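Since the structure comes first, as structure tokens, the remarks are kept for the end.
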Amino acid sequence: MSSESAPHLLSGPEAGRGERPEQPEPYVRGALWPGTRRVPYPRAAPLDRMRIPGDTWLMASIPVGVRLELVGDADLVRIVYSAQTDQTGYRGDGAGITFQSWAEGDGGWELLGEAPAYVGESQQCMVPARPGSRTVIYVPEGMKPTVESVKAGRGSIEPAPDQPRWVVYGDSVAEGWIASAPALAWPAVAGRDFGLDHANLGYAGASRGEIASAEQVGRVEADVITVCHGTNCWTRTPHSAEQMRANTDAFLEILRQDHPDTPIVVASPVIRPDAEAKPNRLGATLGDLRAAMEEVASKRIADGDTRMSLVRGLDLIGPEHLGDGIHPDDEGHARMASGIGAAVRAMLDA
């Protein structure tokens with residue numbers, strides 16, 4: 001079901017009052033580090049922010065992938081929140097301007113409904129839940145909201161049971177550009193379809209496999225990790241093939257030191273037609289960088305790392321699945337979710 005066809009529910013200061021609200025923290029998923037006043041759901045460690053590039057911290061301040069997950073017999077949920085901005089940039093409405101509620105049905109996951117979000121303090125909205133089913137409510141991440149309370153509008157709710165934690169390190173493609181809603185970014189789709197508690201560490205334009213980022217991922221609890229950057233190493237911060245090879249090996253070495261038994265799925269960059277055969281200023285095409293990343297992962301697997309696998313990004317989607325020539329459209333994200341999600345689930349189940 002598309003967001004255009006889903007029912008809209010009451011939203012704003014007049015959305016209604018109920019019984020005593022509950023603190024939201026037990027319901028929040030996708031937030032790995034304690035928040036700050038300005039960044040309630042950071043996607044990098046705030047105490048370590050001076051070690052990562054400024055553009056990485058800027059993107060980490062957007063609560064990509066943050067959501068509420070609950071179960072119970074309620075069919076409505078009331079959310080009180082504050083939102084900082086309605087300037088969603090390049091992603092536009094796809095960055096999230098509504099609270100979207102999803103639940104599993106007979107035909108798979110479906111959008112139950114959504115409520116518009118508004119800038120301001122202590123706004124309220126009501127969104128539907130499905131009694132007896134896991135309900136996932138995605139926040140309007142582009143508006144940088146803070147959830148202040150959550151409670152059942154009718155009936156009762158409780159936090160959904162834990163699922164395996166899946167940490168996804170990547171770039172704008174992982175962050176969800178240019179899916180039509182946060183719930184349609186490929187990590188979110190794969191999280192629902194494969195029963196994974198995904199934490200999205202996709203940093204648009206700001207993911208180059210920095211050592212500081214590897215060490216941050218190394219320090220968090222994870223049941224499985226995916227590494228899927230590479231495009232930003234073509235021209236935004238040009239890498240040579242040799243540099244890409246060395247950086248990827250160092251990144252994976254740090255992850256393996258800190259997570260000796262954790263499954264790691266490496267996914268190389270998806271197709272980008274304007275970059276495949278065009279050298280950057282250091283002489284590397286995106287094809288060269290992809291090959292370097294795959295070579296490092298393949299060698300580690302061949303050398304005996306049985307808890308690592310490789311997904312070749314060029315096989316995941318075609319040029320027809322790129323909405324702007326660079327980023328996947330909804331169909332492209334769905335295909336990536338299927339391919340990478342299956343590899344992640346297979347490593348967990350092995």
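The values are calculated or read from the model by the stated rules, or taken from the named source; none is laboratory data. The structure displayed is predicted, hence computed values, not measured ones. FYI the Cβ positions are ideal-geometry reconstructions off the backbone, even for glycines, and counts take in every protein chain you see. Keep in mind that these areas ignore ligands, DNA and RNA; they rest on the heavy atoms of the full protein, side chains included. Shrake-Rupley method; radii C 1.70, N 1.55, O 1.52, S 1.80 Å.
The share of C-alpha pairs in the range 202-344 whose separation exceeds 27 Å stands at 17 percent. Taking the chain as the reference, fit the longest principal axis to its C-alpha atoms, fit the long axis of helix 330-349 to the helix C-alpha atoms, and give the angle between the two in degrees, 0 to 90, nearest 10. Rounded to the nearest ten degrees, it is 80.
Would you work out what percent of the accessible area of the chain, with all protein chains in place, is carbon or sulfur (probe 1.4 Å)?
Numbers: 7060 of 14050 Å².
C and S atoms contribute 50 percent here.
For residue 180, the residues whose modelled amide H falls within less than 5 Å of its own, excluding neighbours fewer than 5 places apart on the same chain, are 330. Take every Cα pair under 8 Å whose residues are at least 6 apart in sequence, average their separation, divide by the length of the chain, and the relative contact order is 17 percent. Length gained on full extension, residue 73 to residue 23: 16.1 nm, using 0.36 nm per residue less the C-alpha separation.
Pop the C-beta distance of residue 219 and residue 276 into the FRET formula with R0 = 30 Å and round what comes out to the nearest 0.05. Computed FRET efficiency for residue 219 and residue 276: 0.25. Cross-link partners of residue 278 among aspartates and glutamates, defined as those whose alpha carbon lies under 14 angstrom from its own and excluding same-chain residues fewer than eight positions apart: 288.
Annotation: aspartates and glutamates with alpha-carbon distance below 13 angstrom to residue 151 (same-chain offsets under eight excluded): 19, 22, 25, 69, 73, 75. In plain terms, if you count all Cα to Cα distances in the range 106-194 and split them into 5 Å steps from zero, the share in each step is 2, 10, 20, 22, 22, 17, 6, 1, 0 percent. In summary, the aspartates and glutamates within cross-link reach of residue 299, defined as a Cα separation below 12 angstrom excluding same-chain residues under 8 places away, comprise 249.
For the chain, the solvent-accessible area of protein heavy atoms averages 40 Å² per residue (probe radius 1.4 Å; ligands and nucleic acids excluded). Backbone N atoms of the range 163-193 closer than 17 Å to the 7 Å Cα→Cβ label point of residue 104 belong to residues 163-166, 188-193.
For the range 84-129, the extents of the C-alpha atoms along the principal axes are 37, 27, 10 Å, listed from largest to smallest. For the range 42-136, the ratio of Cα radius of gyration to the globular rule of thumb 2.2 N^0.38 Å stands at 1.29. Note on volume of the Cα convex hull per residue in Å³: of the candidates [x] 124; [y] 144; [z] 323, the value calculated from this structure sits at [x]. Both radii were evaluated on the Cα set of the range 104-156; the Rg over Rh quotient, with Rh as the Kirkwood radius, amounts to 0.98.
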